[in-house]
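Laboratory data are not the source of any read-out in this text; all were calculated from the coordinates shown. Predicted model, so just to flag it, every value in this text is computed and none were measured. Here the Cβ positions follow ideal geometry from the backbone for every residue, glycine too, while neighbour counts run over all protein chains shown.
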Ligand SMILES: Cc1cc2nc3c(=O)[nH]c(=O)nc-3n(C[C@H](O)[C@H](O)[C@H](O)COP(=O)(O)OP(=O)(O)OC[C@H]3O[C@@H](n4cnc5c(N)ncnc54)[C@H](O)[C@@H]3O)c2cc1C
């Protein structure tokens, strides 16, 4: 009986395990997870899901793993891989032989330089345990200071306000989401946060953070000291590559895989947040994505390729974020764009299209209330996948349906 091991029981690892069964694999599957809880969705941890943080939103009910014959081992790390002998060693010394191995080890929250780890009042947000710890501090009369105006920090600021806590966001760059979205989108988001009472501060340099018994203090270069009940360090994530690195696998901003998710070692694959891969749609550029749909899609692709197909990554990157009543959606990769065009969708919703110098649509970023931009972003995604060069006039004219551009 062939034995497939998946290291990392997150979104991607769990999806791969179920996809293997859906595709008819009847060998053994072992899914190893460092966290003590069954695989769960991370996006709710900073959004509505934080309000009722326990239990997390599981990827699948616990009994389904047993029903599907998936040996789920929780609360234990894989510590070593012998890629020649095809053996994975667990933290308790157990050795498991494999025929094929998938690394879906995800990413970890980046710590703030100068702060060693987290203290009682200085927190990160990556896991369900992190969310539970943060939740206890989010009440009326409490103050959370968030270091970093990125997606997770801003989502948490919105949730904190919903829970009645005060929230301050401290961003070092001149505006929030500088690496993630165009300025016009960031402006809408910043305004909405300020309307909801979030104190958004940009261009601030933090020179120190103190974790005291009574409060946490953030010291700014301006001389100001911001006192808070809890501080969230929300300055991005880094791929979990230690295990792969120790096993001698190639690393390049994540575990380096080819477009079929194969690592540099035979029969070892990697997928999800932990890996970087060449994206043919963007000229084979190596990218690493930290988004939920990518983790799902690569899980399905990994399952197919573990079973011997040789499919390539073809999906268009897609990301969303919910903040207050706004939903932001981004399809594609905008870097390298030469032109940006705006399409207004009414009720303050709009989409920005990013085109290269040949007129090819590279990406679309949309913002609006609820589902306002969802359908058009979906159509933009199809145009991006088709490498279309849509008529710029038609892109900006909201009375012309994007669907008609797809047909063209
Ligand atoms: C708070 C938050 C909000 C988010 N919101 C959004 C959103 O709105 N939109 C969006 O598109 N994406 C969002 N994301 C990103 C999305 O959740 C991730 O892209 C997705 O979870 C990645 O899945 P993964 O399985 O690759 O990695 P992970 O979910 O990180 O899972 C990896 C698992 O592997 C385990 N592991 C690592 N090393 C080992 C080892 N050696 N042995 C055993 N186990 C190991 C880890 O403990 C972890 O449980 C959010 C993420 C967070 C944290």
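Remarks
- Gaussian network model of the chain, Cα within-10 Å springs - most flexible of 235, 206, 170: 206
- Each principal axis of the Cα cloud of the stretch 122-233 was taken in turn, and the coordinate range along them, longest first, works out to 40, 30, 25 Å.
- Short-range pairs are left out: with C-alpha atoms under 8 Å and at least six residues apart, the relative contact order of the chain is 14 percent.
- Taking a quarter of the surface of the Cα convex hull of the stretch 202-360 gives a mean projected area of 14.5 nm².
- Ellipticity estimate at 222 nm from DSSP helix runs (n ≥ 4, -39,500 (n - 2.57)) divided over the chain, nearest 500: -6500 deg cm²/dmol
- Reciprocal mean inverse distance between Cα atoms of the stretch 29-156 - Kirkwood radius, Å: 17.0 Å
- Both the radius of gyration and Dmax for the stretch 190-231 are 11.9, 34 Å, in that order, over alpha-carbon atoms.
- GNM remark for the chain: springs join alpha carbons under 10 Å apart, and the peak mean-square fluctuation among 370, 119, 308 falls on 308.
- Ranking of 291, 389, 12, 215 by count of other Cβ atoms within 10 Å, fewest first: 389, 215, 291, 12
- Taking 221, 160, 303 as the candidate residues, the one with maximal mean-square fluctuation in a Gaussian network model of the chain, Cα springs under 10 Å, is 221.
- All-pairs alpha carbon distance profile, the stretch 325-407, 10 Å steps from 0, percent: 21, 58, 21, 1
- Cα pair distances exceeding 34 angstrom across the chain, given as percent: 35 percent
- Cα-based shape type of the stretch 337-385, given that a ≥ b ≥ c are square roots of the gyration tensor eigenvalues and the cut on a/c is 1.5: oblate
- Sorted fewest first by neighbouring Cβ atoms within 10 angstrom, 136, 79, 213 come out as 213, 136, 79.
- 40, 269 arranged by Cβ crowding within 10 Å, fewest neighbours leading: 40, 269
- Cα centroids of the stretch 365-408 and the stretch 162-225: 33 Å apart.
- Principal semi-axes in Å for the stretch 282-340 [√(5λ), Cα gyration tensor, largest first]: 26, 18, 7
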